1. Please state which of the following conditions Leu78 fails to meet, knowing it meets all the rest: (1) loosely packed, with under 12 Cβ neighbours inside 10 Å; (2) within 18 Å of Leu22 (Cα to Cα).
2. Within segment 23-35, how many residues turn out to be within 19 Å of the chain's Cα centre (by Cα) and open to solvent by 100 Å² or more (accessible area, probe 1.4 Å)?
3. Within segment 41-75, restricting attention to residues that are within 13 Å of Phe24 (Cα to Cα) and of a type in the set (A, V, I, L, M, F, W, C), which residue is surrounded by the fewest Cβ atoms within 10 Å (Cβ to Cβ)?
4. Residues Phe10, Phe28, Phe60: which one is touching a helix residue (DSSP H, G or I) at 6+ places or on another chain (Cβ under 7 Å), modelled with pLDDT under 95 and not in a helix (DSSP H, G or I)?
Amino acid sequence: MNVIRGEAGFFSDYEVYVLIILLFYEKFDIEISKFKRILFISLLSFSIFMYLSRTNFLQFVILILGLKGYFILTKNRLVFFHLQLLL
């Protein structure tokens, strides 16, 4: 794996971003056929999985949680975080 990364490069952040955009294409108002979307999603998913990078998996999870709205601060979440700090 180390030799492949040395030849091909060490970063593949763009793949994660493109995969997220394809998964949330309606939110970004992107028009793409279902066949192309499924093809690109499967290719990018396989590529990201084969890259075997914890950073890519963390980026993927953080971006999905952000787009789903889990990082929006509300009064209840601030109270919850404050109580967690006190414990």
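The values are calculated or read from the model by the stated rules, or taken from the named source; none is laboratory data. It should be emphasised that the depicted structure is a prediction, and the values quoted were computed from it without experimental measurement. Here the Cβ positions follow ideal geometry from the backbone for every residue, glycine too, while neighbour counts run over all protein chains shown. For accessibility, only protein heavy atoms count, side chains too; no ligands or nucleic acids. Shrake-Rupley method; radii C 1.70, N 1.55, O 1.52, S 1.80 Å.
1. Among (1) loosely packed, with under 12 Cβ neighbours inside 10 Å; (2) within 18 Å of Leu22 (Cα to Cα), the lone unmet condition for Leu78 is (2).
2. So the count comes out to 3.
3. Applying the filter and picking the extreme gives Leu65.
4. Just one listed residue meets the conditions, Phe28.
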